[in-house]
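Encoded as structure tokens, the structure appears first; notes follow it.
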Amino acid sequence: MGLRLGSRSPNGKIPAVKAVAKMQPGRGISLIDVDEPEIRPGCVKLKVDRGSVCGTDLHIYQWDEWSSGRIKTPRIIGHEFCGTIVEVGEGVTDRKVGDFVSSESHIVDLDDPDLLRGDGHVARTTRLLGVDVDGGFAEYAVIPESNARLTDDSVPGSVASMQDALGNAVHTAMDGPIEGCSILITGLGPIGLFAGAICKSLGAKRIYATEIADFRIDLGHQVGIDRIINPLKEDVLSVLKNEEPNGVDGVLEMSGHPSSLPLAIDCVRPGGRISLLGLFKQNNQSFDLNKLIFKGVRMQGIVGRRLWETWDQMHWLLTEKGLDVTPIVTHEMHFSEIEKAFEVLERGEAGKIVLSF
Ligand code: ZN
């Protein structure tokens, strides 16, 4: 779908709507008028209710190496959003007008062998909403039927809009047992904070985390993390050896910090698991592989959300397990204030920022 820009459509047939877009290479973001997107076969049209701003959006705003190599402008951004279906395209069978849905950002060909094998989260045909195709920071968005995930009306719009990101945390946490377990979360960015709330709702015995920013330490306590260790003030391994002499049952790595892998291998119990979501700046990392082998530790890379198992688990957590992630929403603003949202994010003063449309 290309952008047809400009003011209201000259023939008056297609109403103009507002959208947040990257219009040209370089730092910045624009608020633009576009024609209301037209429905396509196999797709649904949403009236967007809320969107949540992700680190990926910040990369696009800043126009870093990754985004400048990947994004073709002009592009409507935003891959975390929710809304109500106002129109369905030809061939749509599982969604109807009036359904409240949230976006899954990975668009995968339905006949992709990776998806059919159950590995849709790493499918090679993946295109990202708001990156490779136009996203949902707009008054209306058209997305494939299967990417519009049914969401219970009881889930507040601010939370519904974050489910793509929340799903990363659900996928990581539920990669192994949580109930009755001791869990260490390394790094309390929004996904680490989500993971803390998830571990709490799943009945973890004791939740530990590492974090250096006071602002995030405070949010970590609010979501129910029992013990947050600041590596600038305490020796993390000594604290954990003291409090969990047998080792923790699981480590959820959310920081991408080089020290986190050796720490995880040292503090996990024999037979425990290490689930890796954080991306490391350097591709090559050094750690004691023999220790991992002799301890019989399982280490798993995590990306995206399992299609669609993670979404089912998330629905269950939100509707039946009392998962509460509202403390992590630190800012709510109108989408016309998108510049301000990025400024707050750049200062590191936010959990999740939710936009209303
Ligand atoms: Zn995201």
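The values are calculated or read from the model by the stated rules, or taken from the named source; none is laboratory data. Values in this document were obtained by computation on a predicted structure and should not be read as measured data. Virtual Cβ from ideal backbone geometry, glycine too; neighbours counted across all protein chains shown. Side chains are part of the model used for accessible areas, which takes the heavy atoms of the whole protein and leaves out ligands, DNA and RNA. Shrake-Rupley method; radii C 1.70, N 1.55, O 1.52, S 1.80 Å.
Full-extension gain between E38 and K281, please, as 0.36 nm times their residue separation minus the C-alpha to C-alpha distance.
That works out to 83.5 nm of additional length.
Magnitude of the Cβ-charge dipole of the chain, K/R +1 and D/E -1, about the Cα centre, nearest 20 debye?
The calculation lands at about 440 debye.
Any idea which of W311, P327, G348 is furthest toward the positive side of the dipole for the stretch 303-357, if Lys and Arg beta-carbons carry +1 and Asp and Glu beta-carbons -1?
W311
Tell me which of S161, W66, I77 sits at the most positive position along the dipole axis of the chain, charges placed on C-beta atoms (Lys, Arg +1; Asp, Glu -1).
So the residue furthest toward the plus end is W66.
From the backbone phi of the stretch 87-98, what are the Karplus-calculated ³J(HN,Hα) couplings (6.51 cos²θ - 1.76 cosθ + 1.60, θ = phi - 60°) in whole Hz, Gly and Pro given as x?
7, 10, x, 4, x, 6, 10, 9, 10, 9, 4, x
So, with a 1.4 angstrom probe, what is the percent of accessible area on the chain that is carbon and sulfur?
49 percent
State the three equivalent ellipsoid semi-axes of the stretch 138-191, derived from the C-alpha gyration tensor as the square roots of 5 times its eigenvalues, in descending order and whole Å. Could the numbers behind the result be given before it?
Details: eigenvalues 156, 33, 27 Å².
Semi-axes, largest first: 28, 13, 12 Å.
Is there a pair in K22/K96; K45/K96; K45/K321; K22/K72; K72/K340; K205/K321 whose C-alpha atoms are over 20 Å apart, and which pairs would that be?
Working: K22/K96 31 Å; K45/K96 10 Å; K45/K321 31 Å; K22/K72 9 Å; K72/K340 24 Å; K205/K321 16 Å.
Pairs exceeding the cut-off: K22/K96; K45/K321; K72/K340.
Counting only protein chains, not ligands or nucleic acids, how are W311, W316, W63 ordered by accessible area (probe 1.4 Å), most first?
From most accessible down to least: W316, W63, W311.
Three principal axis extents, largest first, for the C-alpha atoms of the chain, in Å?
Over the chain, Cα extents along the principal axes are 73, 40, 37 Å.
Would you look at the GNM of the chain, springs on alpha carbons closer than 10 Å, and say which of E65, E211, E179 moves the most?
Highest fluctuation of the listed residues: E65.
Which value, to two decimals, describes the C-alpha radius of gyration of the stretch 194-296 once divided by 2.2 N^0.38 Å?
Output field value: 1.05.
Please compute the modelled spin-label separation between D218 and L150, points set 7 Å along Cα→Cβ, answer in nm with one decimal.
Inter-label distance under the simple model: 4.1 nm.
Count neighbours as other Cβ atoms within 10 Å of each site's Cβ, and list the trypsin sites (Lys or Arg not before Pro) in the stretch 57-117 that are DSSP loop with at most 11 such neighbours. Mind showing how you got there, number by number?
Working: sites: R70, K72, R75, R95, K96, R117; in loops: K72, R95, K96, R117.
Sparse-neighbourhood loop trypsin sites (Lys or Arg not before Pro): K72, K96, R117.
As a check on your grasp of the helix formula, calculate [θ] at 222 nm for the chain: sum -39500 (n - 2.57) over DSSP H runs of n ≥ 4, divide by the residue count, round to the nearest 500.
So the helix-based figure for the chain works out to -7500 deg cm²/dmol.
Cut-off 19 Å, label point 7 angstrom out along Cα-to-Cβ of R70: give me the residues of the stretch 275-293 whose amide nitrogen falls inside.
Correct set: 276-284.
Quick one: dipole size for the stretch 166-298, taken about the Cα centre, charges +1 on Lys/Arg Cβ and -1 on Asp/Glu Cβ, in debye to the nearest 20. The partial results should precede the final answer.
Values: 13 positive and 14 negative charges, 52 e Å.
Dipole size: approximately 240 debye.
Choose one of I207, N290, L261: the residue whose Cα lies farthest towards the positive end of the charge dipole of the stretch 167-301 (beta-carbon charges +1 Lys, Arg; -1 Asp, Glu; about the Cα centre).
Towards the positive end, the residue furthest out is N290.
Tabulate in residue order the Karplus-calculated ³J(HN,Hα) for the stretch 327-335, using 6.51 cos²θ - 1.76 cosθ + 1.60 with θ = phi - 60°, rounded to whole Hz; enter x for Gly and Pro.
Once rounded to whole Hz, the list reads x, 7, 7, 8, 9, 10, 8, 6, 5.
Test of understanding: what is the full-extension gain from E332 to D119, defined as 0.36 nm times their sequence separation minus their Cα-Cα distance?
Once the chain is fully extended between E332 and D119, it gains 73.2 nm.
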